[in-house]
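Written below as structure tokens is the structure these notes are about.
The values are calculated or read from the model by the stated rules, or taken from the named source; none is laboratory data. Model, not experiment: these values are computed from the prediction. Cβ sites come from the backbone with ideal geometry, for glycine too, and all protein chains shown count toward neighbours.
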Amino acid sequence: MTRQRMTWIVLTVVFVGLLVARGFVGQGLGRVYVERGEVSLAKDGRSDQGEPVWRTVPRDQAEHAWITWSRVTPKAFAEAQAKEPGQDRVVLSWPRTVGLWLAALLTLAIFSFLYADNPAYKLSESIFVGVSAAYWMVVGFWETLVPKLFGAILPGTVKAMVQPSLKVPAFSPWAPGTWDAADPAFWPWMQQWGSMAIALVFGVMMLWRLMPRGGWIAGWPLAFIVGMTAGRRMVTQVESDLMAQAEATMQSVLPVTPGLSAWDLFWGTLPGILVLVGVVCCLCYFLFSVQHRGAVGGAARVGVWYLMITFGAAFGFTVMGRIALLAERVEFLLDDWLWLIDPNHLRS
Amino acid sequence: MLVGAVLGLARGAAAEGEAESSDPELPAFHEQRLPLAAWTLGIGLATLVFVFRSRRGKPPVIRRLAALDAVDEAIGRATEMGRPVLFVPGIMDMNDIQTVAGVTLLGRVARTAAEYDAQVEVPTSRSLVMEAARDAVQSACLAAGRPEAYQPDRVHYVTDEQFAYVAHVTGSMVRERPAACFLMGTFYGESLILAETGNHVGAIQIAGTGETSQLPFFVAACDYTLIGEEFFVASAYLSGEPDQLGSVQAQDAAKIAVIAFVVIGTLVATAAVIWADAAWLHETSDFLRSAVGARP
Amino acid sequence: MSVLGRLERLDRRWIFLAMFLVVSGPILYMGLTGKLFPEKVTATTQSVFDAVEAVPPGERVLFAFDFDPASAGELQPMATQLLRHCAARKLRVVCIALWPLGNNLAEDTITEVIHADFPQMRDGVDYVNLGFQAGQEQLMTLLTTNFRKGFPVDQRGRDTADLEILEGVRSVTDFPLLIDVGAGFPGSKEWVQYVVTGSGGKLRMVAGTTGVSTPQLIPYYPHQLAGILAGMKGAAEYESLVNAKIGGTPPPRYLEAQRRMGPQLFGHLLLVALIVLGNVIHFTRKARAAA
Amino acid sequence: MIARQAVPLAIAIGAGLLMAVSYFLRPLGWMSESASEIFNVVSAIAFVLGAGSLLKANLSTISRRDRGWGYAAVTLGAFLVTLVVGMGKMGVNPSPSSPQAAWSGDQQTAETPFGWIYEFVLSPLSATMFALLAFFVASAAFRAFRAKNAGAAVLLVTAFVVLLGRTYAGVVLTDWMPGWASGLRLENLSNYLMGVFGSAGNRAILIGIALGVAATSLRILLGLDRSWLSREGGG
């Protein structure tokens, strides 16, 4: 048996032992409680736009009714039980309790990668990739394709099934007789519908890659995207970075307040001069078609120093947030899962 | 349908134009963006001038960039060791210019790899980037005269989720032990996770990004880093074509113009504080500042 | 093997273990004992506190929620304490959001602070939430000329022209103080560039921001920005200042940032120690190589 | 070859020039909005290609019984389950304001299966992966922050000052300094380093990036750099 495998076994056994022990001490650990609520609705006339309006009614008169569950603290469960033992309004949620344990185990599995690659990490990595790829596809479908593409091309269906607030236009692309250029809603609709039609054509071209022949057509939408990105970034980047940063630097290095002592004047002027020198020297470092010798070389060397200070300081400032992220995960394990600490007084 | 769509867009434009131009305060041209137009045209003209000069046989000499001179060495090492080369084009989509720059660089790296007979692995975090990267690698193999070296499955999509992508890439780094890692594109928090793992498996690492918040981590953890603008000249540098080198020279010309503006602008602004009564100094200062987009 | 040799070949997993211990140790200690580590207030934080103190009671302040749940870990404690400080000073607070999810966070903060601890404050008179409006920096520019056009209705659909709290407000400069809690674009930097710089000193601004984006704001302090709460540490310092001002034993939700500072303190010290150790090894080896 | 080379180049140049020009002309202002909507939709449609690549890679690993094929099966299973649950909005109640539309409900709450997957699988995994950074920051600080040359020394001294200046310990360490030397207190020193040297460095980097982006875009729009274009296409 290798030393590494030995370490794994010892760690796992000790950990499971502690976990079992924890389960029998005090309040135990890792449970989620929920409170039941009800939604029961009946139609209450129609709005000015002809949409049905719904109001809450007693359960037996409802046309649509369902039960909701919202998360509450273990303290709320204890209080509800103390008031009325055996009540069924606040109960233990099995799906969420299982979820909490799954989340905790996945968290530990990812941390185990720090020791070495191992089956637990590989398993959670596989789950992570599969779930997240599907997750973003689902989000892309329901948040982009349905409201934008289908909303423009099949507005009636989208309104009936998904998005009742959608305004169905009075125009149809297939029936030019319905077009009314005087209607203020017409041109915005034309724009929306037109872009979605182009998007659909481009999308089909992209998917042609899956066909045995003619996959080169996917190069067209890609070319559109690359060109569009290049054209837009060319101007916006010059505006927001080049010009804005140059403007920020073109300030008087002297403090505007009159009547300062020589000492204050010196300290007040220094930052402006240092910034100017720094910007110029760093830009010299970025000169590519000039060899870094002589004056340019000297300036470039100073520029490198400035860049190193910039990176060092940014590193120092960024580290904070990183440690906070780890602290959050540790709090999740100790507080939500193991119930070892209770800083927010959720259980007592 | 496409015709109708284009027509619709054109008419939509006309209508919006009417609606807006009926407001006398809003002329068709964004006049506050006049300085921007001047800068953009200036950079464009400089590019044309220097490209033509370069074509006429005066290509500029570009200073050496150690990170890019190391590309051949890194790929050669991968070939010798029989290990793959990993290329990560960032985690953003094709509507980010850094991803576009990363994909053009992938084309250069893949060409060298095809010549050296090294395998390039490209996991991507976006479907469109996968398609663009496949195109780039395929044309690189073709240009290297080895079309059979192109294996589309080596350029594959993983997931759009930032950290699931990172989990997969770091996991496969530890398992496949690439000899060289290229991290070229837009990176956020994951930059250091990738760079430290690559370092741990002993890969030569060359990184490049324009994401200023991540540069410190790449500088600390990678062997070579293309800092900001260096990342954007990398593709031109590696191509060695006179046209592209000419455009790099245009970048320098624009940079010298910016330096001149900044130095003169600061001096004039300072002078305007010292001689507060001299109206012409204030006017000059305001003019210079408005030329870089300052609003009165 | 010598100590130096061992340290040079130190398995990085020992460093990982050390990091885990210095972060989880303080969390466990503070969680079990309820004790906090002390805070020494730095100048940037003190000036935020002073700027809020300088606004006379009854005046209005504009409070922008420009973040989302992803950065709420660092920023929510700041937002909570800033709102609590304003309410305790009897300032009238107008909340807005330039990030779509900022609106929910503003609502949560109002519930947590005003509804719970300042029930006498009246919606629409002493505080209001105008909700989210799209438009980013264009919206900011619009607010400098026509505030009500930027926010025509409040979160509950009331016309802002009828709100008592906005009586006489024509532009954003009619507020003496702007508080921005921001995580990125659009956020504090844009407020400075598009609103504060053009106000000619009429509008003062304080910002609460994440550790990652702090470097971009420091150049504006102390002229355009009267104060900055920088990341977790800024939040913790400000929390201790507000708790000291209000007095009494604060409920646990008002100690969140200070609780998070325990792991920060030891984490930073570990990093400093690691840098020192790394260089000691480096220079000792160099000296030996030279000898 | 025209359809494969010349047309895409023409499309790219046309789209790029239109986007650039539309930024200056008010009547064309709608273009950028339309273009980004087109991009979003094309990118959402292209998910099919990503899914295809994912399925193909994992299925071939499974069918070849490659090392680790079991993990490929897990990925595939997780992918399909999430996809079916999410696409069908399974177990999602309609929105209370419009119960007549069956699919109007929000599936981001933990009550729904899809929301459960987000809250208990995706979100903890993502947060934990992000938290690994704290460990890597530590190992990088030990390994990489050594004064090998002048530049590296400057880098590490700055990081050192800022790190100390951001803790209680560092603040207390230099708290004794008298008022006239308050600029040397660690917290003020770190602000000064960032505010003066850091902002000069950042400005120059941003100006450089802007020029780099403009030149890269021009190289694409002038057809100088065509390495992104497909030579053969298909695949």
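I'd like to know if the stretch A:26-33 contains one or more residues that are part of a helix (DSSP H, G or I), modelled with pLDDT of 90 or more and surrounded by 12 or more Cβ atoms within 10 Å (Cβ to Cβ).
Here is the first cut: in the stretch A:26-33, the ones part of a helix (DSSP H, G or I) are none.
No, the conditions are met nowhere in the stretch A:26-33.
Of all residues in the stretch C:198-212, count the ones that are modelled with pLDDT of 90 or more, more than 9 Å from residue C:176 (Cα to Cα) and not small (Gly, Ala, Ser).
2
Quick check on the stretch D:64-81. Is at least one of its residues surrounded by fewer than 19 Cβ atoms within 10 Å (Cβ to Cβ), in contact with a Phe, Trp or Tyr (Cβ under 7 Å, 6 or more places away or on another chain), part of a helix (DSSP H, G or I) and modelled with pLDDT of 95 or more?
no
Looking at the stretch A:195-214, can you tell me whether even one residue there is more than 30 Å from residue B:264 (Cβ to Cβ), facing chain D (nearest Cβ under 8 Å) and among the polar types (S, T, N, Q)?
Within the stretch A:195-214 (the criterion being more than 30 Å from residue B:264 (Cβ to Cβ), facing chain D (nearest Cβ under 8 Å) and among the polar types (S, T, N, Q)), the answer is yes, since at least one residue qualifies.
List the helices (runs of 4 or more DSSP H) that sit entirely inside the stretch C:103-204 and contain at least 2 residues that are within 29 Å of residue B:211 (Cα to Cα) and touching a helix residue (DSSP H, G or I) at 6+ places or on another chain (Cβ under 8 Å).
On the way: elements: C:136-145, C:147-150, C:188-191.
Of the helices (runs of 4 or more DSSP H) lying wholly inside the stretch C:103-204, those with at least 2 residues that are within 29 Å of residue B:211 (Cα to Cα) and touching a helix residue (DSSP H, G or I) at 6+ places or on another chain (Cβ under 8 Å) span C:136-145, C:188-191.
Take the conditions under 30 Å from residue A:160 (Cα atoms), in a helix (DSSP H, G or I), in contact (Cβ under 8 Å) with a residue 24 or more places away in the chain and not hydrophobic (A, V, I, L, M, F, W, C) and apply them to residue D:86. Does it pass? Even if it seems obvious, please write down each step before you answer.
Details: under 30 Å from residue A:160 (Cα atoms): yes; in a helix (DSSP H, G or I): yes; in contact (Cβ under 8 Å) with a residue 24 or more places away in the chain: yes; not hydrophobic (A, V, I, L, M, F, W, C): yes.
Yes; evaluated as a whole, the condition is true for this residue.
Those residues that are touching a Leu at 6+ places or on another chain (Cβ under 9 Å) and either part of a helix (DSSP H, G or I) or more than 17 Å from residue C:183 (Cα to Cα) (or both), I need them from the stretch C:220-230; list them, please. Please lay out each step first, then the result.
Taking the stretch C:220-230 first, the residues touching a Leu at 6+ places or on another chain (Cβ under 9 Å) are C:225-226, C:228-230.
C:226 - this is the single residue of the stretch C:220-230 that is touching a Leu at 6+ places or on another chain (Cβ under 9 Å) and either part of a helix (DSSP H, G or I) or more than 17 Å from residue C:183 (Cα to Cα) (or both).
If the requirement is being surrounded by fewer than 19 Cβ atoms within 10 Å (Cβ to Cβ) and either of a type outside the set (Asp, Glu) or not assigned by TED's automatic domain parsing to the domain that holds residue B:170 (or both), which of these qualifies: B:66, B:110, B:78? Break it down into steps so the answer makes sense when it comes.
Working: B:110 fails: surrounded by fewer than 19 Cβ atoms within 10 Å (Cβ to Cβ); B:78 fails: surrounded by fewer than 19 Cβ atoms within 10 Å (Cβ to Cβ).
Being surrounded by fewer than 19 Cβ atoms within 10 Å (Cβ to Cβ) and either of a type outside the set (Asp, Glu) or not assigned by TED's automatic domain parsing to the domain that holds residue B:170 (or both) holds for just one of B:66, B:110, B:78, which is B:66.
Against the definition (within 31 Å of the chain's Cα centre (by Cα) and within 7 Å of another protein chain (Cβ to nearest Cβ)), how does residue D:165 come out, yes or no? Can you show your working first?
Working: within 31 Å of the chain's Cα centre (by Cα): yes; within 7 Å of another protein chain (Cβ to nearest Cβ): no.
So residue D:165 fails the test.
Can you list residue pairs whose Cβ atoms sit under 9 Å apart, with the first residue in the stretch D:117-138 being hydroxyl-bearing (Ser, Thr, Tyr) and the second being outside any helix (DSSP H, G or I)? Count only pairs 6 or more apart in sequence or on different chains.
If the second residue must be outside any helix (DSSP H, G or I), the pairs left are D:118/D:107; D:118/D:108; D:118/D:110; D:126/B:161.
Residue check: is residue A:59 loosely packed, with under 13 Cβ neighbours inside 10 Å, more than 13 Å from chain D (Cβ to nearest Cβ) and farther than 21 Å from residue D:116 by Cα?
Values: loosely packed, with under 13 Cβ neighbours inside 10 Å: yes; more than 13 Å from chain D (Cβ to nearest Cβ): yes; farther than 21 Å from residue D:116 by Cα: yes.
Yes, satisfied.
Take the conditions in a helix (DSSP H, G or I) and under 25 Å from the mean Cα position of the chain (by Cα) and apply them to residue A:158. Does it pass?
Values: in a helix (DSSP H, G or I): yes; under 25 Å from the mean Cα position of the chain (by Cα): no.
Against the criterion (in a helix (DSSP H, G or I) and under 25 Å from the mean Cα position of the chain (by Cα)), residue A:158 does not qualify.
So which of C:256, C:237, C:190 ends up being among the charged types (D, E, K, R) and outside the structural domain of residue C:49 (by TED's automatic domain parsing)? Even if it seems obvious, please write down each step before you answer.
On the way: C:237 fails: outside the structural domain of residue C:49 (by TED's automatic domain parsing); C:190 fails: outside the structural domain of residue C:49 (by TED's automatic domain parsing).
Every option except C:256 fails the conditions.
Working only within the stretch B:262-296, note down all residues that are crowded, with 19+ Cβ neighbours inside 10 Å, touching a residue at least 12 places away in the same chain (Cβ under 8 Å) and more than 25 Å from the chain's Cα centre (by Cα). Spell out the reasoning first.
To start, the set of residues in the stretch B:262-296 that are crowded, with 19+ Cβ neighbours inside 10 Å comprises B:262, B:265-266, B:268-270, B:272, B:285, B:288-289, B:292-294.
Cutting the leftovers down to touching a residue at least 12 places away in the same chain (Cβ under 8 Å) gives us B:265, B:268-269, B:272, B:285, B:288-289, B:292-293.
Listed by number, the residues that qualify are B:265, B:268, B:269, B:272, B:285, B:288, B:289.
Select, from B:205, B:251, the only residue that is in a strand (DSSP E or B), buried (at least 22 other Cβ atoms within 10 Å of the Cβ) and touching a residue at least 12 places away in the same chain (Cβ under 8 Å).
On the way: B:251 fails: in a strand (DSSP E or B).
Residue meeting the stated conditions: B:205.
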